[in-house]
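Heads up: the structure comes next, in structure tokens.
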Amino acid sequence: MADLTADLGFIKLKNPVIPASGTFGYGGEFLQFFDLDLLGAFVMKGVYTDERGGNEPPRIWETPSGLLNSIGLAGPGAEGLTKIIKDVASKTSTPIIVNVCGGTDEEYLEVARILDVMKEVAMLELNISCPNVRAGGSCPAQSSSDTRRVVKLVKENTEKPLIVKLSPNVSDISSIARSAEEAGADAISVVNTFLGLALDIEKRKPVFKNFFAGLSGPAIKPLALKIVWEVANAVSIPVIGIGGIMTGRDVLEFILAGAAAVQTGTVNIVEPTGSVRIISETLELMDELKINNLEEIRGGLKI
Ligand SMILES: Cc1cc2nc3c(=O)[nH]c(=O)nc-3n(C[C@H](O)[C@H](O)[C@H](O)COP(=O)(O)O)c2cc1C
């Protein structure tokens with residue numbers, strides 16, 4: 001049987017499948033469907049310092065093969081999250097990743113510091129892409145210098161491995177990924193959602209109060225694969241591929257494009273046991289294609 005372990009350098013995961021931030025609650029919600037120990041790791045919903053209510057509804061809108069969301073990062077705040085983390089960690093030994101958000105550099109740092117001291121947290125994922133919070137969307141991931149500054153600040157003040165999650169809504173993702181790497185990122189995760197627009201023709205208004213929303217799901221998979229390939233060729237730290245993954249075959253495509261592991265997002269919303277199915281499918285396909293381990297095909301695209 002194939003070896004499913006995924007090597008991120010700073011940690012070895014039992015398999016490459018990591019449910020993505022915002023699509024998997026805080027993990028505990030999924031205990032009614034399966035044992036969290038089956039996962040490679042999982043990422044909790046993004047958190048700011050203070051409790052947030054999120055955006056006005058609607059927050060979700062189906063599109064052909066995809067989903068637009070404008071949640072606005074609702075959540076309990078960093079201190080509130082520490083209790084939830086302790087509770088979930090007592091029910092699983094799977095590594096927990098916390099998605100760190102901030103409206104300012106200081107807030108990113110404060111949230112990261114609160115979570116950094118928790119032994120239950122394996123890694124931090126710095127969400128510098130935040131598509132649904134500020135209309136007009138000026139986030140650190142939109143510029144190389146802002147990315148460099150905030151990643152350096154958090155890295156210098158925390159001990160945990162730092163994954164930096166980038167936005168696809170930029171013109172030169174490779175240079176932004178390189179800035180994150182130079183500033184000390186331990187891994188890059190790509191992509192967050194693509195900005196999109198849904199319109200209501202009767203009302204002649206945008207569907208979302210925030211105007212633009214974030215597109216995810218199978219509709220974005222080819223776009224995400226392209227970005228993963230570009231980023232994997234631009235940096236030497238591990239890349240975690242995200243975008244429209246629904247099957248084991250999708251997982252292996254992202255690994256072939258250069259990802260060391262993947263995150264599964266929208267699939268968890270439409271099929272709560274989807275990530276577990278994807279893990280078995282990946283193993284079955286590796287056996288069928290006689291792939292012994294993921295490193296054998298990682299970045300091995302023949303061109
Ligand atoms: C409802 C929803 C909420 C999300 N919330 C977050 C979040 O809090 N932090 C974050 O970094 N990404 C968030 N994302 C983005 C996902 O983690 C993922 O990057 C994106 O959905 C693309 O993957 P997919 O096509 O497999 O869904 C959210 C996505 C959805 C659909």
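Just a few scattered comments:
- Matching residues in the stretch 265-280 - criterion: being of a type in the set (Gly, Ala, Ser), within 13 Å of the ligand (Cβ to nearest atom) and over 15 Å from PHE33 (Cα atoms): GLY265
- Criterion: within 24 Å of ALA180 (Cα to Cα) and over 17 Å from the mean Cα position of the chain (by Cα) - qualifying residue of VAL235, VAL262, VAL239: VAL235
- Only residues that are surrounded by 20 or more Cβ atoms within 10 Å (Cβ to Cβ) and either hydroxyl-bearing (Ser, Thr, Tyr) or in contact with a His (Cβ under 8 Å, 6 or more places away or on another chain) (or both) were counted in the stretch 253-274, giving 2.
- Annotation: of all residues in the stretch 33-58 being closer than 22 Å to GLY243 by Cα and either in contact (Cβ under 8 Å) with a residue 60 or more places away in the chain or more than 19 Å from the chain's Cα centre (by Cα) (or both), the one that is nearest to the ligand (Cβ to nearest atom) is GLY46.
- Among the candidates LYS226, LYS203, the residue that is assigned to a helix (DSSP H, G or I) and at pLDDT 95 or above is uniquely LYS226.
- LEU67 satisfies every condition listed in (1) under 18 Å from the mean Cα position of the chain (by Cα); (2) part of a loop (DSSP other than H, G, I, E, B) except (2).
- For the stretch 205-222, the count of residues that are closer than 18 Å to PRO16 by Cα, of a type in the set (A, V, I, L, M, F, W, C), within 11 Å of the ligand (Cβ to nearest atom) and surrounded by 24 or more Cβ atoms within 10 Å (Cβ to Cβ) is zero.
- Unmet requirement for PRO64, which otherwise passes all of (1) surrounded by fewer than 20 Cβ atoms within 10 Å (Cβ to Cβ); (2) over 20 Å from VAL270 (Cα atoms): (2)
- The stretch 240-264, subset of a type outside the set (Val, Ile, Thr) and part of a strand (DSSP E or B), residue nearest to the ligand (Cβ to nearest atom): GLN263
- Hits in the stretch 280-293 (condition: surrounded by fewer than 20 Cβ atoms within 10 Å (Cβ to Cβ) and in a helix (DSSP H, G or I)): SER280, GLU281, LEU283, GLU284, LEU285, ASP287, GLU288
- In this structure, ILE237 does satisfy being touching a strand residue (DSSP E or B) at 6+ places or on another chain (Cβ under 6 Å), more than 16 Å from the ligand (Cβ to nearest atom) and either among the aliphatic types (A, V, I, L, M) or at pLDDT below 95 (or both).
- Output for the stretch 92-124, where each listed residue is in a loop (DSSP other than H, G, I, E, B) and touching a residue at least 24 places away in the same chain (Cβ under 8 Å): THR92, SER93, THR94, PRO95, CYS101, GLY102, GLY103, MET118, GLU120
- Residue in the stretch 178-200 that is farthest from the ligand (Cβ to nearest atom), counting only those that are in a loop (DSSP other than H, G, I, E, B) and under 21 Å from PRO57 (Cβ atoms): ALA198
- Check on SER179, in contact (Cβ under 8 Å) with a residue 12 or more places away in the chain, over 22 Å from LEU4 (Cα atoms), surrounded by 20 or more Cβ atoms within 10 Å (Cβ to Cβ) and in contact with a Lys or Arg (Cβ under 6 Å, 6 or more places away or on another chain): yes
- Looking only at the stretch 1-57, residues that are among the aliphatic types (A, V, I, L, M) and part of a loop (DSSP other than H, G, I, E, B) come to 10 in all.
- In the stretch 26-78, the residues that are closer than 16 Å to CYS101 by Cβ and small (Gly, Ala, Ser): GLY46, GLY53, GLY54, SER70, GLY72, ALA74, GLY75, GLY77, ALA78
The values are calculated or read from the model by the stated rules, or taken from the named source; none is laboratory data. Values in this document were obtained by computation on a predicted structure and should not be read as measured data. All Cβ positions, glycine included, derive from the backbone under ideal geometry; neighbour counts span all protein chains shown.
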